[in-house]
Amino acid sequence: MKWIFAPLLMLISTALFASDISLPGVSIDIQGNEQEEYSNAIKVLAILTVLSLAPAMLMMLTSFTRIIIVLAMLRHAIGMPTTPPNTVLITLALFLTLFTMTPVLERLNENVLIPYENQQLSDKQAIEVTSNEIKTFLVSQTREKDIGLILNLAEKPVPDNIDDIELSTLLPAFMLSELQTAFQIGFIIFLPFLVVDLIVASVLMSMGMIMLPPMTISLPIKILMFVLIDGWALVTEALVGSFK
């Protein structure tokens, strides 16, 4: 599993290489010689810093955000806000995230981790290749409208090509696109359940059963319908397919 996380660790660690690092009793000069490899102390510090940012990295750099939002909206559409429990949804979202990110991780393993372990890439080259691979994925899932919005808010000029887009601009644009796409998928999921609720409410009203909550009748019907159409498989297939 190390090839899954190592390239991401190298990417975030670039923030630590921007200037000299001073710790109590330790002074590390990075900019003195750009050709030298980073010391083991800096690499350990970078890895520890990245591990503390792992949850944020999961949401900013992967498909996790879209998947967990859709699954949460599905739970509310059925009418069971706490079933399945959060631990189940998060675990399922993590596995689906791994499936959708597998092509990116395989490219990082082939183009970054293996050459880096074989000393065919320097630290800076590995970080640069990792950044380019992740930016390629982010751009493929980000709407141009959202990128333009972030550039406008930051008062930055429109870059000439994708390589000139900074991660500080691309990450919030990617998050906005993921939220937009997740809500679009969630709306489509809501529609059939809403139809069931309307039909049940209309039937109860026509029968004069005003005091009977429609949810009492519609909930088992929605669960039965969802099971009969193999709903979890359909939602899973739709989520994974949305990233292709």
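Things worth noting here:
- The ranking of T136, T181 from fewest to most other beta carbons within 10 Å of each one's beta carbon is T136, T181.
- Computed over segment 102-221, the alpha-carbon pair-distance distribution with 5 angstrom bins reads 2, 10, 14, 11, 10, 9, 8, 7, 6, 6, 6, 5, 3, 2, 1, 0, each value a whole percent.
- Length gained when the stretch M209-M80 is fully extended (0.36 nm per residue, less Cα-Cα span): 44.1 nm
- Karplus (6.51, -1.76, 1.60) ³J(HN,Hα), θ = phi - 60°, over segment 77-94, in Hz, Gly and Pro reported as x: 5, 5, x, 10, x, 10, 10, x, x, 4, 4, 5, 5, 5, 5, 4, 5, 5
- Note that segment 154-237, at 20 °C in a medium of 1.002 mPa s, gets a Stokes-Einstein diffusion coefficient of 128 µm²/s from its Kirkwood radius over C-alpha pairs.
- Förster radius 22 Å - calculated FRET efficiency between D230 and R143, Cβ distance, rounded to 0.05: 0.10
- Each of K222, K244 was scored by other Cβ atoms within 10 Å of its Cβ. Arranged with the fewest first, they read K244, K222.
- Annotation for segment 93-114 versus segment 122-149: alpha-carbon center distance of 14 Å.
- Here segment 164-244 is assigned +1 on the Cβ of each Lys and Arg and -1 on the Cβ of each Asp and Glu. Its dipole about the Cα centre then comes out at about 360 debye.
- 3J(HN,Hα) along segment 219-225: 4, x, 5, 5, 5, 4, 4 Hz, from the Karplus curve 6.51 cos²θ - 1.76 cosθ + 1.60 with θ = phi - 60°, whole Hz, x for Gly and Pro.
- Modelled label positions at E128 and N152, each set 7 Å beyond Cα in the direction of Cβ, lie 3.4 nm from each other.
- Peptides ranked, highest mean first, by Cβ atoms within 10 Å: ranges 230-239, 142-151, 59-68, 159-168: 59-68, 142-151, 230-239, 159-168
Read the figures in this text as sums done on the coordinates, not as results from a lab. Worth saying up front: this structure is predicted, and the values here are computed from it rather than measured. Quick reminder, even Gly has a Cβ in these numbers, built from the backbone with ideal geometry, and neighbours come from all protein chains shown.
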